[in-house]
Amino acid sequence: MRLDQSRSVLLMIDFQAGLLPVIEGGEAAIKEAAWLAGIAGALQVPVWLTEQYPERLGGTTPTLLEGLGTHELWQKRHFSATEEESFSQALAALGRKQVIVCGTEAHICVLQSALGLLEAGYQVFWLSEATASRRSDEARLARQRACANGAVAVSADMVAYEWLHRCDTATFKEIHRRFLKPRSAQAVTFY
């Protein structure tokens, strides 16, 4: 099952300012999520964010919001976004069945949202390097559990190139110039 930009939604769960200081690998997760969100915006893939009890945990971190284009923001009280009726209804109305999930904490809100999406019949893709918890073992276990129940672990590069589908279009060239080329220039090659 290949990702298709016309059937995808990027769901970024609870990247909140009050939570991130205790998240192992939180800054790296935000960087990956923001990078993919930029590509999603350029390809007109909907970007949705959730916030869990923002009065207590703060809103979405400004680091993520800075470069974020058009997006939907959902506040929630349930750990699973799918338990919020307005969220579930809006997602169903969108008509897109592929949901790429990332965020914090992997073993709580991201996992429960992923399981809820799977139960509702969505194809769920777990964005591994953009999903984190206070302890990396819990993030790893959450990914394993989600995948054992039908989610598919992916990287941001996998998602981007599947959305792009081919290299001989003006869209690819623009995305390559803005997002892919700068990223590959930062990559470290080991010999």
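The values are calculated or read from the model by the stated rules, or taken from the named source; none is laboratory data. Remember, it's a predicted structure, so these values are computed and weren't measured experimentally. Cβ: placed from backbone, ideal geometry, glycine included. Neighbour counts: every protein chain shown.
Kindly evaluate LEU68 against the criterion of being in contact (Cβ under 8 Å) with a residue 12 or more places away in the chain and under 29 Å from HIS165 (Cα atoms). Judged against the criteria, LEU68 is a match.
Restricted to segment 41-141, the set of helices (runs of 4 or more DSSP H) holding at least 1 residues that are small (Gly, Ala, Ser) comprises 85-94, 111-119. Residues that are surrounded by 23 or more Cβ atoms within 10 Å (Cβ to Cβ) and more than 12 Å from the chain's Cα centre (by Cα) within segment 80-104 comprise ALA81, LEU91, listed in sequence order.
Name every residue in segment 105-134 that is buried (at least 20 other Cβ atoms within 10 Å of the Cβ), within 18 Å of LEU20 (Cβ to Cβ), in contact with a Ser or Thr (Cβ under 8 Å, 6 or more places away or on another chain) and not polar (S, T, N, Q), in order of residue number. Once the filter is applied, which keeps residues that are buried (at least 20 other Cβ atoms within 10 Å of the Cβ), within 18 Å of LEU20 (Cβ to Cβ), in contact with a Ser or Thr (Cβ under 8 Å, 6 or more places away or on another chain) and not polar (S, T, N, Q), segment 105-134 yields GLU105, ALA106, HIS107, CYS109, VAL110, LEU127, ALA132. Quick check on THR70: is it of a type in the set (Ser, Thr, Tyr), touching a Leu at 6+ places or on another chain (Cβ under 6 Å) and closer than 13 Å to LEU49 by Cβ? Answer is no for this residue.
Picking from ARG178, ARG140, which residue would you name as being closer than 19 Å to ILE23 by Cα and more than 13 Å from the chain's Cα centre (by Cα)? From the options ARG178, ARG140, the qualifying one is ARG140. Closer than 19 Å to SER6 by Cα, out of contact with any Asp or Glu (no Cβ under 6 Å at 6 or more places or on another chain) and surrounded by fewer than 22 Cβ atoms within 10 Å (Cβ to Cβ): does that describe ALA42? So ALA42 passes the test. Here segment 147-191 is the region considered, the condition is being among the small types (Gly, Ala, Ser) and loosely packed, with under 12 Cβ neighbours inside 10 Å, and the residue that is modelled with the lowest pLDDT is ALA187.
Within segment 21-30, being surrounded by fewer than 20 Cβ atoms within 10 Å (Cβ to Cβ) and either in contact (Cβ under 8 Å) with a residue 60 or more places away in the chain or not in a helix (DSSP H, G or I) (or both) holds for VAL22, GLU24, GLY25, ALA28.
For segment 7-45, taking the residues that are in contact with a helix residue (DSSP H, G or I) (Cβ under 6 Å, 6 or more places away or on another chain) and acidic (Asp, Glu), the one that is farthest from HIS71 (Cα to Cα) is identified as GLU24.
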